[in-house]
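Each remark here refers to the structure printed beneath this line.
Each value in this text was obtained by applying a stated rule to the coordinates, not by laboratory testing. Just so we're clear, the structure is a prediction, and the values are computed from it rather than from any experiment. Here the Cβ positions follow ideal geometry from the backbone for every residue, glycine too, while neighbour counts run over all protein chains shown.
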Amino acid sequence: MNVLLIPLALSLAAGPVPDAPEGNPLLAEWTAPFGLPPFDQVRPAHFQPAFETAMAAHRSEVEAIATRPDAPTFANTVAALGASGERLASVQMVFSTLVSSQTSPEIQAIQREMAPRITRHRDEILLDDRLFRRVQAVWDGREGLRLDPDERVLLERTWKSFVRNGARLDPAGKERLKALNGELTSLGVKFGDNLLAATNGWRLVLDRPAQLAGLPPGHVEAMAEAARKAGLAGKWVVTLHGPSLWPFLQYADDRELRRQAFVASTTRCDQGGPGDNKAIASRTAALRVEKARLLGYPTWADYVLDDQMAGTPAAAYALVDQLWGPAKDAAAREARLLEESIRAGGKNHPLEPWDWFYYTEKVRRSRYDLDGNELRPYFPIDRVRDGAFGVAQRLYGITFTEIRDFPRWDPEVRAFEVKDRDGSHLAVFLVDYHPRPGKRSGAWASSLRGQWVKDGK
């Protein structure tokens, strides 16, 4: 299930960019309800000119801040930086939504070209000595400023962002950091493209009814529908997308077929050839080590956690160590139950990973008289969502009202206006539940617009 949470704290569409290329919906004023992006009008060809124009506008905004003749203040430096690049952020979020939810060869090609350039654009700002001197001056004088709590947080995050992204490096260090960031970005794009291709590129085709033993009728029909879409009418298809894979591992009696599906899932991008990700992972790890040390951290973990709640790798490992023993003991107890179920069924094979889901279901039935498949009719997706909305209303007083007419990136997307207990607008919540070839797999959330304060609103 994929969910996009979009806090539109400002119910204002992004305004047009001066001198925007004519006819580009990404650069025009967004007039859809609540300023939602015009997904119904956006085409892949719109993105590169939109990025070019938005980056140029952002550079102009930042240059005006860097070259101000007056002394740096919170308003003319920190707040101004925070308000800059609004259009670029909007274009990026629309693009990243399509990369994750509705990608295509055209979108992937644009991402491969533009992602390193956007990284370079960001580096040029965060490594600008003029900007950092102004931010540092405001930071040094922070005790004498009468800042509101949100202003103090913005100042701290702005200063840390510059420092953590290399503002204190010498010129040679800055150039090396730019190279590292660019390569890491390109590697990340390639890794994701390979994973999506591997997920979409595998299927298990069944052509005998005996291979369907144990599978619920609803899942068998879904497999038949997948086969029809693949031009294999009269057969059944299992894919590596969650709604197809997990029920198959849970219910299919044929152990060899379960093994094939499980191994295919867990060895994606580990088969050699151009789609193998091992070299990408190795190179990424090496570059992260170099980047961390360049920025003054002993390891990548130290760098990442320095700005997170854990603070240090030692603190993170302390939590893992605290959980590891009890978790391992619980898994061992569960494994023994599954092994007993194997023997009770007249089998003598060892418990393997592709057996775990299948025999867990057997144990549920034998010990607790609970059949997960029999519960499914009571939990259709709309009812589950409405139940979650009801819990949120009881806990927080917020309400969800469906928006019928809005621009979608796919016909299955649904949207809901979220209101606070006093009826004021809080957010727009979009849901996009089902897998398709152009969508990243798994359960995840992202945003189209964050919340912020602008002009006192």
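Label-to-label distance for ARG436 and ALA315 is 4.3 nm, based on points extended 7 Å past Cα in the beta-carbon direction.
Here the calculated FRET efficiency for ARG43 and ALA197, from their Cβ-Cβ distance with R0 = 22 Å, stands at 0.45, rounded to the nearest 0.05. The angle between the Cα long axis of helix 353-368 and the longest principal axis of the Cα atoms of the chain comes to about 70 degrees, rounded to the nearest 10.
For the pair ARG364 and SER446, label points projected 7 Å from Cα toward Cβ lie 3.1 nm apart.
Given only helices, namely DSSP H runs of n ≥ 4 each adding -39500 (n - 2.57), what is the per-residue ellipticity at 222 nm of the chain, to the nearest 500 deg cm²/dmol?
Numbers: 16 runs with 247 residues, N = 457.
After summing the helix terms and dividing by residue count, I get -18000 deg cm²/dmol.
Computed log10 I(q)/I(0) for the chain at 0.06, 0.09, 0.12, 0.13 Å⁻¹: -0.36, -0.81, -1.33, -1.46, from the Debye equation with unit scatterers placed on every C-alpha and solvent omitted. Compared with the dominant Cα axis of the chain, that is its longest principal axis, helix 242-251 is turned about 30°. Distance between the pseudo-spin-label points of LYS454 and GLU221 (7 Å out from Cα toward the beta carbon): 4.7 nm. Compute the long axis of helix 255-266 from its Cα atoms, compare it with the longest principal axis of the Cα atoms of the chain, and write down the angle in degrees, 0 to 90, nearest 10. Computed tilt is about 10 degrees. A straight line joining the Cα centroids of the stretch 33-61 and the stretch 137-202 runs 22 Å.
On the beta carbon distance between LYS229 and VAL289, with R0 = 51 Å, the FRET formula returns roughly 0.70. Could you tell me the calculated FRET efficiency between ARG112 and LEU169, based on Cβ-Cβ distance and R0 = 25 angstrom, to the nearest 0.05? Result of the calculation: an efficiency of 0.35.
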